[in-house]
1. Would you mind calculating the relative contact order of the chain from Cα pairs under 8 angstrom and at least 6 residues apart, reporting the percent as a whole number?
2. Let me check I've understood the local charge: for LEU49, count other residues with C-beta under 9 angstrom from its C-beta, Lys and Arg +1, Asp and Glu -1. What total comes out?
3. Hey, which lysines would be in cross-link range of LYS39, C-alpha to C-alpha under 28 Å, not counting anything within fewer than 8 residues on its own chain?
4. Would you mind working out the magnitude of the charge dipole of the chain relative to its Cα centre, with +1 at each Lys and Arg C-beta and -1 at each Asp and Glu C-beta, to the nearest 20 Debye?
5. Please work out the FRET efficiency for the pair ASP101 and LYS39, using the Cβ-Cβ distance as r and a Förster radius of 22 Å; give the result to the nearest 0.05.
6. Need one word for the chain: rounded, prolate or oblate. Basis is the Cα gyration tensor (sqrt eigenvalues a ≥ b ≥ c); a/c below 1.5 gives rounded, then a/b vs b/c decides.
7. For region 44-110, just say rounded, prolate or oblate: build the C-alpha gyration tensor, square-root its eigenvalues into a ≥ b ≥ c, call rounded for a/c under 1.5, and beyond that prolate if a/b exceeds b/c, oblate if not.
8. Hey, what number do you get for the chain at 222 nm if only DSSP H runs of n ≥ 4 count, each worth -39500 (n - 2.57), divided across all residues, to the nearest 500?
Amino acid sequence: MPADFRSDPMESPEGKGNAKRAWEAYLRTTGKVAAPLTKRLAATMNAELWGFWLIWHLCGGFEGLQRLGFSRSGIYRRIKRFRQVTGYHPDEFEMPGVTIDPTAYWAAPSSEVFRIPDA
């Protein structure tokens, strides 16, 4: 007959608490290291998403990005990430307080640097 451990006393529901102490030590250590890294990564990812959204509108969407040199799969990956973060397709998303005027942008002399090749 197998041993019945139910009546044996325990120090706590955690047993001796070895796993809990190890987890708390991990959180203390990584919290100090991971928090600044996480903030930098989030800032970089946000900047990339908003840049993608802006380029999407300035270049005329999917085909414009392809003419600019983006790969199909790269565009699809960015669309997916944008939708995961905002819940919207970049074509449907409107950023409060931001108005995009592609005509005015492309008329500016500085836009020559980013000229899209003709289709």
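Just so it is clear, none of the values below were taken in a lab; they were calculated from the coordinates. For clarity, every value in this text was computed on a predicted model and none was experimentally measured. Don't worry about glycine lacking a Cβ; one is built from the backbone with ideal geometry, like all the others, and counts go over all protein chains shown.
1. Working: 47 pairs, mean separation 26.6, N = 119.
It comes to 22 percent, rounded to a whole number.
2. +1
3. Cα-Cα hits under 28 Å: LYS20, LYS80.
4. Values: 16 positive and 13 negative charges, 94 e Å.
Using Cβ point charges on Lys, Arg, Asp and Glu, the chain gives about 460 debye.
5. Numbers: r = 33 Å, r/R0 = 1.48.
Calculated value: 0.10.
6. Details: a/c = 4.18, a/b = 3.19, b/c = 1.31.
Prolate.
7. Numbers: a/c = 1.93, a/b = 1.22, b/c = 1.58.
Judged from the Cα gyration tensor, region 44-110 comes out oblate (a/c at least 1.5, b/c at or above a/b).
8. Working: 4 runs with 70 residues, N = 119.
Value at 222 nm, helices only, nearest 500: -20000 deg cm²/dmol.
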